[in-house]
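All of the numbers you see were taken from the coordinates with simple rules; none came from a lab. Note that this is a predicted model, so its numbers are computed, not measured. Because the Cβ atoms are built from the backbone with ideal geometry, glycine has one as well, and the counts that use them run over all protein chains shown.
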Amino acid sequence: MHIQFYIRFHTSFGQSLWLNTIDKFKVHPMANAIPMIYINEEFWFAEIKVNKQQTSFFNYKYILKNENGEILSEHGEDRIISFSKNDIKEIRVIDTWNHAGDYENIYYTTPFINTLLKRKPVHSKSIAGKKATHIFKIKAPLLQQDECICLSGNCKPLGNWSTDHPVLLTKEDNFWVGKIDLSDEIFPVAYKYAVWNKKKKKIIVFENGNNRLVHGEKIKKNICILHDGFIHLPNNSWKGAGVAIPVFSLRSKKSFGVGEFTDLKLLADWAKTTGLKMIQILPVNDTTAANNWADSYPYAAISAFALHPLYINLEKIIGKKQYNRLKSLKKKQTALNALPDLDYEEVMKTKISVLKDIFSATTVDFFDTKEFKDFFIPNKHWLIPYAAFCYLRDINGTPDYSKWKYNTVYNKKQIEKLSARNSSTFREIAFYYFVQFHLHLQLKEAADYAHNKGVVLKGDIAIGVYRYGCDTWVEPGLFNMQWQAGAPPDDFAVKGQNWGFPTYNWKKMQENQFDWWRKRFEQMSNYFDAFRIDHILGFFRIWSIPEHAVEGNMGHFIPAIPVSISEFGEKGIWFDHDRFCKPYIFEVILNENFPGIAEKIKSDFLIQNEKDFFELKPEFD
């Protein structure tokens, strides 16, 4: 059987279009890609032959190759042609390019499909018979309850523009589909899509724009599939607002001195009552490094995957035997909750102590339960090294692994041996499995609860990781440890900002298709429908400060576009090398910045040059 592909796309000189299967595209966009043929300013064409005995469907997408070799693919992976066991000899597909920037695509992402636009299925019957020659497919994400898509056109099978008896389409995955027999019609056929209300039994609105046209000729044993993209409706059908708040601010009567994952349920109730659609929080990854208040900074995670024990709710995991321990802490709980500010150190000290007491009563059978295995197996790639890191941090009294007695360099085999069930250190390491397991359950439960209330959860992914954390210990090659990330000077921070995080070695990360980032996003997608990526500019350029420097103003952007000397001349500017490339120090600056000691500064640190300006002595330059 032959499949002919026509794609509506206007290209410029030097550009080309290609066709590829989804499977091959995931290996590499151009792996065995099929070149398309330019027909005219509107269409490109390709033809393939498939064996229906070997496959039942063809899943594909289009690729644009620019004149400079840049590869751009269309959005989505839902172009699928299914083959039925009939005598069809040829399928003609007329597609519309799915531009990633089309606003409608946002409505096919997880938060909208699973929560915000979740609808009961609308059942509608298509009048199509078994002899359909044309399959019309359209996307319409913003329909209301009891609405479906219908089709009306200038021929009898399309209702002759009837508004009372249009062709109702059926929902198949992301598409509204209509199967029509146009074998006796004169082409071109004009048509439009419209929104039909099932209860009112009438068309609510026709799509905007000119009539759509389908061209063709009468050919037996031939099917034409029209992917018409999105229905042309105004972008005013959905609006939503949300609330942004750190979890630690959500203190409730049942929490222990700090907002906890379980308190997100209360916020979800409030969001539903007020009509808010989204809850956005700050990062919730574990930042436990120094075991003091400095760890309260949420953007310095010791693990890009592990959740912070700060947010665990003790009452949810405590057993009946241990309940008296929690009861005895009621007075402390009340006192901590009453504080105007969070006492980070006391909360952490108390929670870790209680968690260790609870864990001490946990038998080894806990690790054989299905529920724990379902968590452990997909997460062990980060969970084992993280738990071992925490254990080694505690016994060495520092997260700086370069100062540890042993395991200063991560060795997977040694860590697996240290973490083995028969190891003498297993219980101490497994404590962190236990804590992460319950944190996972509590955050997942809160997310599911919010979804049931029609509210989505948005997480925050920090651009950096703590310099002496588990991630840099396990894979130091992914980081530029000789640099510190930060921000350049501005009106709010005149000396710039130095965050202390190592920058990313993007070239090294690219070698394995950015696997660390993919796993990081995958882990966070267990709980969050959307992410805020902190300082997203860092994916393209980052203010980089040498490791030995203190202030942010000692950095520069990497990568940076240089300014050539010729550009000064082109702008009519004389290039003064000393003025532009050396510290500009003269008498007035010294008197302004060092009143009363300017002479001492000059004698101790500076040399006056022939231009009556000052240069730093070599030992300070």
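Near the amide H of F9, within less than 5 Å, lie the amide hydrogens of F43, W44, all on another chain or at least 5 residues away, with H placed in the peptide plane. Rounded to whole numbers, the Karplus 3J(HN,Hα) couplings from phi for the stretch 354-362 are 5, 4, 5, 5, 5, 5, 4, 8, 8 Hz, using 6.51 cos²θ - 1.76 cosθ + 1.60 with θ = phi - 60°, and x at Gly and Pro. Separation of the stretch 600-621 and the stretch 534-576 by C-alpha centroid, Å? One Cα centre to the other: 25 Å.
Distance from the C-alpha centroid of the stretch 510-527 to that of the stretch 343-420: 22 Å, rounded to the whole angstrom.
Its Cα centre serving as origin, the chain has a Cβ charge dipole (Lys and Arg +1, Asp and Glu -1) of approximately 3660 debye. Here's the picture: charge each Lys and Arg Cβ at +1 and each Asp and Glu Cβ at -1 in the stretch 167-281, and of P246, T274, I204 the one pushed furthest to the positive end of that dipole is T274.
Simple spin-label model, 7 Å along Cα-to-Cβ: R325 to S360 in nm? The answer from the label model is 0.7 nm. The charge dipole of the stretch 445-484, taken about the Cα centre with unit charges on the Cβ atoms of Lys, Arg (+1) and Asp, Glu (-1), comes to about 140 debye, rounded to the nearest 20.
Residues whose amide H comes within less than 5 Å of that of I533, counting only those at least five positions distant or on another chain, are I461 (H built at 1.01 Å from N in the peptide plane). Annotation: amide H-H contacts under 5 Å for I542 (H modelled 1.01 Å from N, sequence separation of 5 or more, or interchain): I558.
Here the extension length gained between I607 and S183 equals 143.4 nm, from 0.36 nm per residue of separation less the Cα-Cα distance.
For the stretch 283-298, 3J(HN,Hα) computed residue by residue from phi via the Karplus equation (6.51, -1.76, 1.60; θ = phi - 60°) reads x, 10, 7, 5, 10, 6, 10, 8, 6, 8, 4, 4, 6, 6, 5, x Hz, glycine and proline entered as x.
Listed values for the stretch 489-505 are Karplus-derived 3J(HN,Hα) couplings in whole Hz (6.51 cos²θ - 1.76 cosθ + 1.60, θ = phi - 60°), namely x, 8, 5, 8, 9, 5, 9, x, 10, 10, 7, x, 6, x, 7, 8, 8, and x replaces Gly and Pro. Principal-axis analysis of the Cα atoms of the chain puts helix 370-396 at an angle of about 20° to the longest axis.
Once C-alpha pairs closer than 8 Å and six or more residues apart are averaged by separation and normalised to the residue number of the stretch 482-591, the relative contact order reads 29 percent. Give the residues of the stretch 242-274 whose amide nitrogen is closer than 17 Å to a point set 7 Å from the Cα of A338 in the direction of its Cβ. The answer is 252-258.
Given R0 = 25 Å, the distance between the Cβ atoms of D578 and E599 translates into a calculated FRET efficiency of 0.60. Packing-based ranking of 36-45, 262-271, 505-514, 285-294 yields 262-271, 285-294, 36-45, 505-514, ordered from highest to lowest mean Cβ neighbour count within 10 Å.
With contacts taken as Cα pairs under 8 Å and at least 6 residues apart, the stretch 161-213 reaches a relative contact order of 31 percent. Each part gets one Cα centre, and for the stretch 49-91 versus the stretch 170-239 those centres are 21 Å apart. Taking all Cα pairs closer than 8 Å and separated by 6 or more residues, the relative contact order of the chain comes to 9 percent.
Straightening the chain between I71 and K156 buys 26.2 nm, computed as 0.36 nm per residue apart minus the Cα-Cα spacing. Computed over the chain, the per-residue total of -39500 (n - 2.57) for DSSP H runs of n ≥ 4 gives a 222 nm mean residue ellipticity of -7500 deg cm²/dmol, rounded to 500. Computed from the C-beta positions of K380 and F531, the FRET efficiency with R₀ = 35 Å rounds to 0.90.
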